[in-house]
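Asks: Structure provided below as structure tokens; questions to follow.
The values are calculated or read from the model by the stated rules, or taken from the named source; none is laboratory data. Small disclaimer: the values here were computed from a predicted structure and weren't measured. Here Cβ is always computed from backbone atoms with ideal geometry, including for glycine, and neighbour counts include all displayed protein chains.
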Amino acid sequence: MNETTIALPFLRTWAPFLYLYGVGGIIFFIGMFIIFKAKSINLSLKKHRQWFAILFFGYFYYLGMHFFLTYAALNW
Amino acid sequence: METAIQTSPIFWTIIIGYFVLILGFGSYFAKYNKTTSDFFFSGRRFSWWLITMSIVATGVGSHSFLKYSSKAFEHGFSSTMTYLNDWFFMPFFLFGWLPIVYYTRVKSIPDYFQKRFGSNVRILATIALLLYMIGYIAIGFLTMGKTLEPLLGWDLYTIIGVVAVIAGIYITFGGQTAVIFTDLAQGFILIFAGILIFIMGINFIGGFDIFWNSLPPDFKLPLAHFNQPPDFNFVGIFWQDGVAGSVGFLFMNQGLIMRFMATKSVHEGRKAAAFNVLFLLPISTIVVSNAGWIGKSISILTPEKWDAAIKLDHVFTYVASLITTSEVLFAFMIAAVAAALMSTVDTLINAVAAVVINDIYKPIVKDKDDKHYLKAAMIISAVTTVIGAGSVVFFASFPTLYQAHGFFHSTLTPPLVVAIFLGIFWKRYTTAAAISTFIGGAILIFIGGHYPATFIAPFDHGITMDIGHPYSYIRALYNTLACISVGVIVTFFTKSKTDAEIAGLTTWTLETARELFKGSKPNDRDGEKVKVSYKLIDSEPSELRFSQKAMELMAAEVGDLVYISDNRWWLGGLKSVHSTYGTPHNDEGVVYMTQDLWESGMFDERKLLLAEKEM
């Protein structure tokens, strides 16, 4: 970790990341719950099972991307 | 004093050549407009890849190049925030709104409100939607004016007038098919141009390592400071763009909705949306922002080459002129901004025409033939272009395009977005509550705007109030909560509709929507695609008849929905048609087709066709 990293406050570094995937995550998982509960996504269908996986993949894909970019900015 | 950018006749030949090419390209597709359905929805026929590429061009507006380049120059990689925060609402969109608009065959967003709540809510939704879309068109024209201002030295409004005439012509005659195909071409152009700027910029600086190491860590962080400064902070932009903007773009952008309705099936629409958000938005954000990053690096490494007086909204144009080694390349990049403008504005103009025809004109001027409505749609497209260009004056006073756009999203989208959202996902939500969301929400937004220290400050997350433009972004949180509160409270005191009255109109009754769309119970058995030649026959009703074996391969039954297209994948469904399966025959490898279906599909003689069961 370099000196500049230490100088940057938490509100500048990881707080936005945590807020984004915390509050954004609540919105996302409410959405997943509603479409599952409403049976608009039907897991007995092969295509819908694929979509279910893609939806989760998308959330963690973006989470991983922002984690990597934040880490790279602070350390590389 | 900002230095003027010098150009020669070569530059203008390329720019004018581009506009002529787009005009010709768009006008060519006028032949595909036989009905208003073709004009607005392109006959629901296209493949996902064609739609997703054209969505890129719609999403990346010309304002994107200018506003993100300016913010990227000021604040660094956090200019990417707005392109990388759309996934949270994808479950709601892919398995809520998208199938509902597709299966209920609504012609516009207000048409959905008519079905879900009745005509009063439709009128309110129509007003809100038209304000939103015309505002969006105005911002597009304003951007184009600001892009060309340092090059032309003309008056801003003269430039806007000229651009409006060109955009108006091809949209007026070409319709949705012209929009999709010109946007497809323009999507490729603007992505290529944006990446070219990045490569040339890195080369100009001396390599990626020099570029990366020239920038401070603060500049390289992908998310902005949590709540500082007032004109660019993470939490404000999360609520303004990540929530109000994302939902606004996905759920109430009539132009985008029409694009998804032009896909051949809901599954293809989902693929287009998911691919766009997962892969094309991360590329797009680099495309629109990188000129600002390159500019910052140049200003640090070689300050003598950088004009410190440059206006923020001119950073893109300035960097493009600085790093390009030839005027041809510079002209190409400016043409890409023009491409971005045209592709955003054309979609919205077509969408405004759809709303005006379906939600205002048809209810007043009833029982005319389709040709009459098609002609009216073209006239409305032209008038919309003029009104959009004239509305520029409302946004010209903001310090930057980014703030103008942020304020616009925060203020105009919440009532409509909340009404759509609660309408789709909450069966209990009532008609009276929807009306209250629009009227009560608008009143609370107005009050909040006038007394921000009292009403918006409790939600400000520590953001300092800028007296000139108070809470440009975080006001979206207050506005959204105000609209939700009104909608929820009124719902609990009023009577909701029965399940039968709203069958197929909420995410809780999607299966009913599918059944109504097909006309019988959907057949979800997995089948294969089948290649066939065709034989024209006379028959009533108009349907497609395959061999018994082909029916088994497609897992299809008589009465199921079928989609048949030209076998050449790269046409993306341009030559295709939807129909139903008729009784099978024993003629292997052949589909029996009526003349009207053949003409509607615009098929070529002697070309193989590809058939698949829709549901």
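Asks: Using the structure shown, decide if B:I127 is surrounded by 22 or more Cβ atoms within 10 Å (Cβ to Cβ) and of a type in the set (A, V, I, L, M).
Replies: For B:I127, the condition - surrounded by 22 or more Cβ atoms within 10 Å (Cβ to Cβ) and of a type in the set (A, V, I, L, M) - is not met.
Asks: Checking B:Y429 against (1) crowded, with 21+ Cβ neighbours inside 10 Å; (2) over 19 Å from B:G487 (Cα atoms), which test does it fail?
Replies: Only one criterion is unmet by B:Y429, namely (2).
Asks: Taking segment A:38-55, which residues are at the interface with chain B (Cβ under 9 Å from one of its Cβ atoms) and not hydroxyl-bearing (S, T, Y)?
Replies: A:A38, A:K39, A:I41, A:N42, A:L45, A:K46, A:K47, A:H48, A:W51, A:I54, A:L55
Asks: Let me ask something else about it. If you check A:F28 against the conditions, is it more than 8 Å from chain B (Cβ to nearest Cβ) and either outside any helix (DSSP H, G or I) or hydrophobic (A, V, I, L, M, F, W, C) (or both)?
Replies: No: the conditions fail for A:F28.
Asks: Looking only at segment B:589-615, which residues are closer than 17 Å to B:G527 by Cβ and modelled with pLDDT of 90 or more?
Replies: Hits for segment B:589-615 are B:G589, B:V591, B:L609, B:L610, B:A611, B:E612, B:K613.
Asks: Condition first: touching a residue at least 40 places away in the same chain (Cβ under 8 Å) and either within 18 Å of B:S539 (Cα to Cα) or in contact with a Gly (Cβ under 8 Å, 6 or more places away or on another chain) (or both). Now tell me which residues in segment B:567-581 satisfy that.
Replies: B:S576, B:V577, B:H578
Asks: Kindly indicate the residue of segment B:499-528 that is outside any helix (DSSP H, G or I) and facing another protein chain (nearest Cβ under 9 Å) and also modelled with the highest pLDDT among those meeting that condition.
Replies: Result: B:T506.
Asks: Turning to a different aspect of this structure: Determine, yes or no, whether B:I484 is on the phi < 0 side of the Ramachandran plot and touching an Asp or Glu at 6+ places or on another chain (Cβ under 6 Å).
Replies: no
Asks: Filter segment B:103-121 down to residues that are outside any loop (DSSP other than H, G, I, E, B), of a type outside the set (V, I, T) and more than 13 Å from chain A (Cβ to nearest Cβ), then give me how many there are.
Replies: Count: 9.
Asks: If the requirement is being touching an Asp or Glu at 6+ places or on another chain (Cβ under 8 Å), outside the structural domain of B:V266 (by TED's automatic domain parsing) and closer than 19 Å to B:G519 by Cα, which of these qualifies: B:S547, B:S542?
Replies: Criteria check complete, one pass: B:S542.
Asks: What is the residue count in segment B:402-420 for residues that are among the aromatic types (F, W, Y) and surrounded by 24 or more Cβ atoms within 10 Å (Cβ to Cβ)?
Replies: Residues flagged as among the aromatic types (F, W, Y) and surrounded by 24 or more Cβ atoms within 10 Å (Cβ to Cβ) within segment B:402-420 amount to 1.
Asks: Could you please give the count of residues in segment B:119-146 that are of a type outside the set (A, V, I, L, M, F, W, C) and closer than 11 Å to B:G388 by Cβ?
Replies: 3
Asks: What do you reckon, is B:R475 basic (K, R), surrounded by 13 or more Cβ atoms within 10 Å (Cβ to Cβ), in contact (Cβ under 8 Å) with a residue 24 or more places away in the chain and within 14 Å of another protein chain (Cβ to nearest Cβ)?
Replies: no
Asks: Now, a different point. Could you check segment B:387-423 and list, in sequence order, the residues that are among the aliphatic types (A, V, I, L, M), assigned to a helix (DSSP H, G or I) and over 20 Å from B:N253 (Cα atoms)?
Replies: Result: B:V393, single match.
Asks: In addition: If a residue must be surrounded by fewer than 16 Cβ atoms within 10 Å (Cβ to Cβ) and aliphatic (A, V, I, L, M), how many such residues does segment B:537-552 contain?
Replies: Summing the residues that are surrounded by fewer than 16 Cβ atoms within 10 Å (Cβ to Cβ) and aliphatic (A, V, I, L, M) in segment B:537-552 gives 1.
Asks: Now, a different point. For residues that are within 14 Å of B:N85 (Cβ to Cβ) and among the aromatic types (F, W, Y), scanning just segment A:25-76, find the one that is farthest from the chain's Cα centre (by Cα).
Replies: A:F28
Asks: Something else about it: Return the only residue of B:I197, B:I180, B:I137 being surrounded by 24 or more Cβ atoms within 10 Å (Cβ to Cβ) and in contact with a strand residue (DSSP E or B) (Cβ under 9 Å, 6 or more places away or on another chain).
Replies: Among B:I197, B:I180, B:I137, only B:I180 is surrounded by 24 or more Cβ atoms within 10 Å (Cβ to Cβ) and in contact with a strand residue (DSSP E or B) (Cβ under 9 Å, 6 or more places away or on another chain).
Asks: Right, next: Among helices (runs of 4 or more DSSP H) lying entirely in segment B:31-102, which contain 2 or more residues that are away from every other protein chain (no Cβ under 14 Å), within 30 Å of B:A338 (Cβ to Cβ) and modelled with pLDDT of 90 or more?
Replies: Per the criteria, B:62-75.
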